[in-house]
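Everything on this sheet refers to the single structure shown next.
The values are calculated or read from the model by the stated rules, or taken from the named source; none is laboratory data. The structure displayed is predicted, hence computed values, not measured ones. Cβ placement follows ideal geometry from the backbone for every residue including glycine, while neighbour counts extend to all protein chains displayed. Surface areas here come from the heavy atoms of the whole protein model, side chains and all, with no ligands, DNA or RNA. Shrake-Rupley method; radii C 1.70, N 1.55, O 1.52, S 1.80 Å.
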Amino acid sequence: MSGISRRNFLKLGGGAAAGSASLVFWGGARAQSGSTGAARTTLDYPEQSIGAASELAVGRTRSFTYPDRSSPCVAIRLGESVPGGVGPDGDIVAYSSLCTHMGCGVQYDGEARVFKCPCHFSMFDPGREGQQVCGQATVDLPRIQLSYDSDSDELYAVGVQGLIYGRQSNILPEASS
């Protein structure tokens, strides 16, 4: 080599590699912080009344469909305030009643206080945002977002957290038109 020693060549090469690595690190960190909202999808869910909160007794369920007629759901008053609960006591929640494993209908067991799937024995805890407790399912039950109008005592379904079983989108093309 002419004009540059082996030692200087290695020093320059190591410095250039360290500089490139730091640029990649900082560029990646900036891309991550800027992309957190880009992966989210906002769907235009309808607002649908599901009845009066006072008519829903503790431990009882109310069946309804949301966001369309082919999506069965269940609302339940748990009797104690839970995360995401609505109503006067923050104890009313709702979930899709299709198991996330194979789409069988889940049923609420008031004694065990869980939703149970009769097909493959998955269980979901409605007091913990539909968390899968045991069984074949690997995903929590989709949660129906509710709102509560204290003036009229009316409950409304306003959205879905999670993907309803068997769908690529919670809003079907026919339902949105």
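Some points to look at:
- Inter-label distance for residue 58 and residue 169, nm, one decimal - labels placed 7 Å from Cα along Cα-to-Cβ: 4.3 nm
- Dipole magnitude of the stretch 85-147, debye to nearest 20 (Cβ charges: Lys/Arg +1, Asp/Glu -1, about Cα centre): 180 debye
- Distance in nm between pseudo-label sites at residue 113 and residue 136 (7 Å out along the Cβ direction from Cα): 2.8 nm
- For q = 0.09, 0.19 Å⁻¹, Debye-computed log10 I/I(0) when each Cα of the stretch 48-161 counts as one equal scatterer: -0.20, -0.91
- A 1.4 Å probe run over the protein chains yields, for the stretch 48-161, 47 Å² of accessible area per residue, whole-number rounding.
- Net length available on complete extension from residue 81 to residue 158 is 25.7 nm, with 0.36 nm assigned per residue and the Cα-Cα distance removed.
- Under the simplified labelling scheme, the residue 68-residue 6 pair shows an inter-label distance of 7.1 nm, with each label point 7 Å from Cα along Cα→Cβ.
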